[in-house]
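What follows is a short report on a single structure.
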Amino acid sequence: MTFPERYALRGDLLDFTADPGFAAPTGAQGVRYRPDHWLLVEGGRIAGVQADAPDASWAQVDHRGSLVMPGFIDTHVHSPQLDVIASYGTELLEWLNTYTFPAERRYADPEVAAAGAERFLDSLLAHGTTSAVVFPTVHKVSAEALFAGAEQRGMRLIAGKILMDRHAPDGLRDDVEQAERDCVDLVQRWHCRGRLAYALTVRFAPTSTSEQMHMAAALMKAYPGTYMQTHVAESRDEVRWVAELFPQSRSYLDVYHRHGLLNERAVLAHGIWLDDTDRVLLRETGAQIAHSPSSNLFLGSGLFDWLGAEGQGAHVTLATDVGGGTSLSMIRTLADAYKVQAMRGVKLTAYKALYGATRGAAQALHLADEIGSFDTGCHADVAVWDWTSTPLMQHRIGLAQDLHEKLFAWMTLGDERLLQAAYVAGTPRFRRA
Ligand SMILES: [Zn+2]
């Protein structure tokens, strides 16, 4: 079935023009809610928004009564870890050895890698996530499979093969020379091809030698527009281990800084155990923290200080971190983010949370002219959601007195089963059966 090149999608349009911050809902800025409006899509991009029905030259796609938002952006997620999501009983370092590494070893097989990439990308779309920053495995074929699958679906994807040359089991280690050749090959084939970008992917400081991190930094310099993704300060045991491995560094974050890996395209997952000097370093380098609340709760890693990070000027985005995280749903992730902040005595509005999963992430990734909003010219990456999925939700949302109350109940009670349809660059890629 071919989809019209030019169409108008009708629904309750919600996106953001600026960061609502931690202001109370009543004072929030930057919220753009246009109920029962038409989103004009032409050639896969947003052509405008209007209140009145468009003329007959536009095909009509009727999602009246549904919540229509930009597709979610997940800034940290592991594609092979759908195989170990929801595994019992471990903390970070033991989790890696017990569950993650054995699962990732299988991705050396191109068939496993291809099937895994397909399953992962289709799952993202079925959760209303249209863009992501992704870790595959150390194997070149796992990155190849991910890029090929994302290209087929027209998705904005940032990924790269994992770099890991020590402290990992057989079958999961590379070495500096081979890793460099693989990265260069992958960059040349996939970076800036369509909507894809390459990320130098240091798993975390304990599994890369200094030499390997220097190599990654050199490649990031040599190939403009490449990203860097890694983990930082997730659990206390991990922080202690990094301090032993890099005694000359002031802090865990400083290890990456000394190796030249921090810049405005660096995406660091977690950042729970940082101090103020680290947070200032984040601001000065432009690196962002991908806050992963569901993973942090599940692995018992800690409670991220979002307000503290932003107070020092650091960018914070939101991520599922599956399989440490327990769902690919950004809605569930936002509900967990609220609870983590509540434990710190901070109240997270639905506005701030939804901004972080859309325009906020786009901005931190320097992709705001492409994704994250309904601004004219952006790619039409669109998720269409039901307002309710259960009698309880219907009852609760029916009682809501204003938009924030309605959205907050939606975010807290909802999940991926609310998703009706997902469009990527204007093309329908998911429809609920
Ligand atoms: Zn992770």
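Please work out the average accessible area per residue across segment 72-328, using the 1.4 Å probe convention, and give it in Å².
33
At 1.4 Å probe size, what's the solvent-accessible area of residue 167? Round to the nearest 10 Å².
90
How big is the dipole moment of the chain about its Cα centre under a simple scheme where the beta carbon of each Lys and Arg is +1, that of each Asp and Glu is -1, and everything else is neutral? Debye, nearest 20, please. Let's see the in-between values first.
On the way: 40 positive and 52 negative charges, 120 e Å.
Using only the charged Cβ atoms, the result is roughly 580 debye.
Expressed as a whole number of Å, what is the distance separating the alpha-carbon centroids of segment 234-261 and segment 148-219?
Taking the Cα centre of each part, segment 148-219 and segment 234-261 sit 20 Å apart.
Using R₀ = 30 Å, calculate the FRET efficiency as 1/(1 + (r/R₀)^6) where r is the Cβ-Cβ separation of residue 263 and residue 339; round to 0.05.
Once rounded, the FRET efficiency stands at 0.40.
For the chain, what is the mean residue ellipticity at 222 nm derived from helices alone (per DSSP H run of n ≥ 4: -39500 (n - 2.57); sum divided by total residues; nearest 500 deg cm²/dmol)?
Rounded to the nearest 500, it is -10000 deg cm²/dmol.
Under 24 Å between alpha carbons: how many lysine pairs meet that in the chain, if sequence neighbours fewer than 8 apart on the same chain are excluded?
8
Could you give the length gained on full extension between residue 93 and residue 51, defined as 0.36 nm per residue of separation minus the Cα-Cα distance, in nm?
Here the answer is 9.8 nm.
Quick one: helix 210-222 against the long Cα principal axis of the chain, what's the angle to the nearest 10°, folded into 0 to 90?
Computed tilt is about 50 degrees.
Just for the chain, what percent of DSSP beta bridges are antiparallel, to the closest 5?
That works out to approximately 45 percent antiparallel.
Considering only the other residues whose Cβ falls under 12 Å of the Cβ of residue 311, what net charge follows from Lys and Arg at +1 and Asp and Glu at -1? Working shown, then result.
Numbers: positive: 279, 283; negative: 276, 305, 310.
Neighbour charge sum, excluding residue 311 itself: -1.
Go ahead and set up a Gaussian network model of the chain, Cα springs under 10 Å, then flag whichever of 221, 352, 161 fluctuates most.
221
In percent, what relative contact order does segment 72-328 have, based on Cα pairs under 8 Å that are 6 or more apart in sequence?
On the way: 526 pairs, mean separation 51.5, N = 257.
It rounds to 20 percent for segment 72-328.
Pop the C-beta distance of residue 193 and residue 395 into the FRET formula with R0 = 56 Å and round what comes out to the nearest 0.05. List each step's numbers first, then the result.
On the way: r = 48 Å, r/R0 = 0.86.
Once rounded, the FRET efficiency stands at 0.70.
Expressed as a whole percentage, what fraction of the accessible surface of the chain belongs to carbon and sulfur atoms when a 1.4 Å probe is rolled over the protein heavy atoms?
Carbon and sulfur: 50 percent of the exposed surface of the chain.
Taking Cα atoms, how many degrees apart are the long axis of helix 110-126 and the longest axis of the chain, rounded to 10 and kept between 0 and 90?
For helix 110-126, the angle is close to 40 degrees.
Could you work out the relative contact order of the chain? I mean the mean sequence separation of Cα pairs under 8 Å and 6+ apart, divided by the number of residues, in percent. Could you put the intermediate results ahead of the total?
Details: 977 pairs, mean separation 83.5, N = 433.
Relative contact order, the chain: 19 percent.
List the equivalent ellipsoid semi-axes of segment 287-368 in whole Å, largest first, each obtained as the square root of 5λ for an eigenvalue λ of the Cα gyration tensor.
18, 15, 12
Taking the Cα centre of the chain as the origin and placing charges on Cβ (Lys, Arg +1; Asp, Glu -1), which of 326, 401, 2 is farthest toward the positive end of the dipole?
Selected residue: 401.
Can you compute the charge dipole magnitude of segment 169-279 about its Cα centre, using +1 on each Lys and Arg Cβ and -1 on each Asp and Glu Cβ, nothing else charged? Give it in debye, rounded to the nearest 20.
Dipole size: approximately 460 debye.
Heads up, I need the accessible area for residue 183: 1.4 angstrom probe, whole protein in place, Å², nearest 10.
0
Put +1 on the Cβ of every Lys and Arg and -1 on every Asp and Glu Cβ in the chain; which of 253, 46, 172 then has its Cα farthest towards the positive end of the dipole?
It is 46, whose Cα lies furthest towards the positive end.
May I ask you to list the residues of segment 361-381 whose amide nitrogen lies under 16 Å from a point 7 Å from Cα along the Cα→beta-carbon direction of residue 6?
Answer for this model: 377.
Under Stokes-Einstein, with the Kirkwood radius over Cα pairs standing in for Rh, what whole-number D in µm²/s applies to the chain at 25 °C and 0.890 mPa s?
113
Would you calculate the convex hull of the Cα atoms in segment 72-328 and tell me its volume per residue in Å³?
Value for segment 72-328: 107 Å³ per residue.
On a 0 to 90° scale, report how tilted helix 403-413 is relative to the longest principal axis of the chain, with both axes built from alpha carbons and the result rounded to the nearest 10.
50
Sort 284, 180, 91 from largest to smallest accessible area, using a 1.4 Å probe on the heavy atoms of the protein chains.
Order by accessible area, largest first: 284, 91, 180.
Residue farthest toward the positive end of the dipole of segment 1-128, with Cβ of Lys/Arg at +1 and Asp/Glu at -1: which of 116, 11, 102?
Selected residue: 11.
Could you work out the local net charge near residue 362, counting Lys and Arg as +1, Asp and Glu as -1, over the other residues with Cβ closer than 11 Å to its Cβ?
In short, -3.
Just to check, using Stokes-Einstein with a Kirkwood Rh over alpha carbon pairs, what's the diffusion coefficient of segment 48-114 at 20 °C and 1.002 mPa s in µm²/s? List each step's numbers first, then the result.
On the way: Rh = 16.7 Å.
The Stokes-Einstein estimate is 128 µm²/s.
Using amide H atoms built 1.01 Å from N in the peptide plane, name the residues 5+ places from residue 430, or on other chains, whose amide H lies under 5 Å from its own.
Residues meeting the criterion, in which the H sits 1.01 Å from N, are 422.
Which value results for Rg/Rh of segment 101-148 when Rg is the Cα radius of gyration and Rh the Kirkwood radius based on the inverse mean 1/r?
Radius of gyration over Kirkwood radius for segment 101-148 works out to 0.97.
Between residue 221 and residue 59, 0.36 nm times their residue separation minus their Cα-Cα distance comes to what?
Value of the extension gain: 53.8 nm.
Quick one: Karplus J couplings for segment 341-352, per residue in order, coefficients 6.51, -1.76, 1.60, θ = phi - 60°, nearest Hz, x for Gly and Pro?
Computed from phi, the couplings for segment 341-352 are 5, 4, 5, 9, x, 10, 9, 9, 7, 4, 4, 4 Hz.
Find the centroid of the Cα atoms in segment 344-377 and in segment 126-143, then give the distance between the two in whole Å.
20
Using the Cα centre as the reference, give the magnitude of the dipole from point charges on the C-beta atoms of segment 72-328 (Lys, Arg: +1; Asp, Glu: -1; all else neutral), rounded to the nearest 20 debye. Don't jump to the answer; show the numbers that get you there.
Values: 22 positive and 33 negative charges, 118 e Å.
In total the dipole reaches around 560 debye.
The values are calculated or read from the model by the stated rules, or taken from the named source; none is laboratory data. Treat the numbers as computed from the prediction; the structure is a model and nothing was measured. Glycine gets a Cβ as well: all are built from the backbone with ideal geometry, and neighbour counts include every protein chain shown. Surface areas here come from the heavy atoms of the whole protein model, side chains and all, with no ligands, DNA or RNA. Shrake-Rupley method; radii C 1.70, N 1.55, O 1.52, S 1.80 Å.
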